[in-house]
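Heads up, the thing below is written out as structure tokens.
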Amino acid sequence: MLDQLTDRFARIVKQVRGQARLTEANTQEMLREVRLALLEADVALPVVRGFVARVRERALGQEVVGSLTPGQALVGVVHRELVRLMGGELPQKQRELDLATQPPAVILLAGLQGAGKTTTTGKLGRWLSAERRKKVLAVSTDVYRPAAIAQLESVCQQAGIEFFPTPEQARPVDIAQAALAHARRHLLEVVLVDTAGRTAIDEPMMDEIAQLHAALRPVETLLVVDAMLGQDAVNTASTFGARLPLTGIIITKLDGDARGGVALSVTEITGKPIKFAGTGEKLTGLEPFDAERMAGRVLGMGDIVALVEEVKNSLDVGAAEKLAHRIQSGARFDLNDFREQIAQMRRMGGLGGMLDKLPAQFSRAAGKVDPRDAERQVRRMEGILNSMTPGERGKPELVKASRKRRIATGAGVPVQEVNRLLAQFDQMSALMKTMRKGGLAKMMRAFGSMTGSAHPGGGVRRH
């Protein structure tokens, strides 16, 4: 997410922090680098001009020049301007979903076809149900694409929210009003209305959405934009903003765009806050947008808060505590435990998801590992472990030559991969024994040997 921009800004930050004294010359050079970084990230040109002008004004003022640490002060200026650019200074009530109305609260989702409205409807419904404890109903008014209605029904089932069937040959406004009446009768608290999209903006579509808005009077009108469209997404947001009283933006596919220009442009262009950011296809891939944390990511400072939240939401605390008690009581760490540790990491978004939220110096250090290769390796390990019997996982010493061949065949991998997994398990098992004995220094050395002594081919060097 935002990889190109983060790398450029991280280099700029490192360079600026190293300056004992700021002059007009080195400040101008920094601003030139900032300008190029933003343009390469596909940030809209008017936004770039305004951002650089504001940073220049504050950089050459007493706030920075008179500071004892001018480099640090200048980084602070850039950070605050990035926060402001992404709507961080807007009133909090405006930046969050406002459901303060007599139920059911209607949320209207608009956007072009392919922006991810239907999936986002499911993600938002799941978030409202899990985080706000709301009873949610979703309805599709896309009478032009039956596949869209079927998709929403499937997504609602996965998200655990109620779906309102779309009557055949009914008008979009009538469908939405019928769903609203159903929600009132059944005491549902939120109605999500997934509107029809088009491959391009046209008048009939805009008129239809305007009619829906007038009939439903939603508390939130959210525009769903695809981050991968770059400047086109910003132009789309501007056009929709001129026709609809938008209350906010949801950016989708943010993990698929290494540039990030939409996140830095859309609020400045429309005056509307980004309320959510969507990543991936999983229904858990939607999080409230936080301008301050996103600015930290852009500057290579990472987003440790998001990482901690992800761990908290994904980690099976009961299972972790149970394992800790077992290890402390002297029980053996076996391959069933090893499989659970791998599953826990997968639930937290895998290696790539965690690296994305680490500060730049850590993610770059870990950058020698290709997250995609790491994910493939994790899936391979799960396949090997799943090809074992429960008895073999409980007693790893049973896995000898003939069993290894059977397991390898079942997992579709060479026998060497089974040997490699068992070697990794041996190291993890040794690490657990060290933790039980309380030898922290020994544990760190064991961990270092486990992570730092691998051959390029992936095998483990024996000392």
Determine the gain in length on full extension of the stretch K135-T409; use 0.36 nm per residue of separation and subtract their C-alpha separation, reporting nm with one decimal.
93.9 nm
List, in order, the whole-Hz ³J(HN,Hα) value for each residue of segment 37-53 obtained from phi through the Karplus relation with A = 6.51, B = -1.76, C = 1.60 and θ = phi - 60°; use x for Gly and Pro.
4, 5, 5, 5, 7, 6, 6, 4, 4, x, 5, 4, 4, x, 5, 5, 5
By average Cβ neighbour count within 10 Å, what is the ranking of 104-117, 286-299, 158-171 from highest down?
104-117, 286-299, 158-171
What is the calculated FRET efficiency for E397 to K282, with r their C-beta to C-beta distance and R₀ = 56 Å, to the nearest 0.05?
0.90
What is the distance, in nm, between label points placed 7 Å from the Cα along the Cα-to-Cβ direction at D98 and at R11?
4.3 nm
Between E24 and A147, 0.36 nm times their residue separation minus their Cα-Cα distance comes to what?
38.4 nm
Sort 177-190, 212-225 by the packing proxy (mean of other Cβ within 10 Å over each peptide's residues), most packed first.
212-225, 177-190
Nearest 0.05, what FRET efficiency do A242 and E168 give at R0 = 30 Å with Cβ-Cβ as r?
0.35
Fraction in percent of alpha-carbon pairs per bin - 5 Å, segment 92-293
1, 8, 18, 22, 23, 17, 9, 3, 0, 0
Scoring only Lys, Arg, Asp and Glu (+1, +1, -1, -1) among other residues with Cβ under 11 Å from the Cβ of T195 yields -1
Modelled FRET efficiency - R0 25 Å, N419 with N336, Cβ distances, 0.05 increments
0.80
Once A178 and L39 are pulled to full extension, the length gained, defined as 0.36 nm per residue separation minus their Cα-Cα distance, is 45.4 nm
Whole-Hz couplings from phi, Karplus 6.51/-1.76/1.60, listed for segment 169-184; x for Gly and Pro
6, 9, 7, x, 5, 5, 4, 5, 5, 5, 5, 5, 5, 4, 4, 5
Compute the distance from the alpha-carbon center of segment 264-280 to that of segment 154-200, in whole Å.
25 Å
Unit charges at the beta carbon, dipole of segment 128-167: most positive-side option, S129, L152, T141
S129
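Every read-out reported here was derived from the displayed coordinates using simple, explicitly stated rules and does not represent laboratory data. These numbers were taken from a predicted model, which means no experiment stands behind them. Cβ: placed from backbone, ideal geometry, glycine included. Neighbour counts: every protein chain shown.
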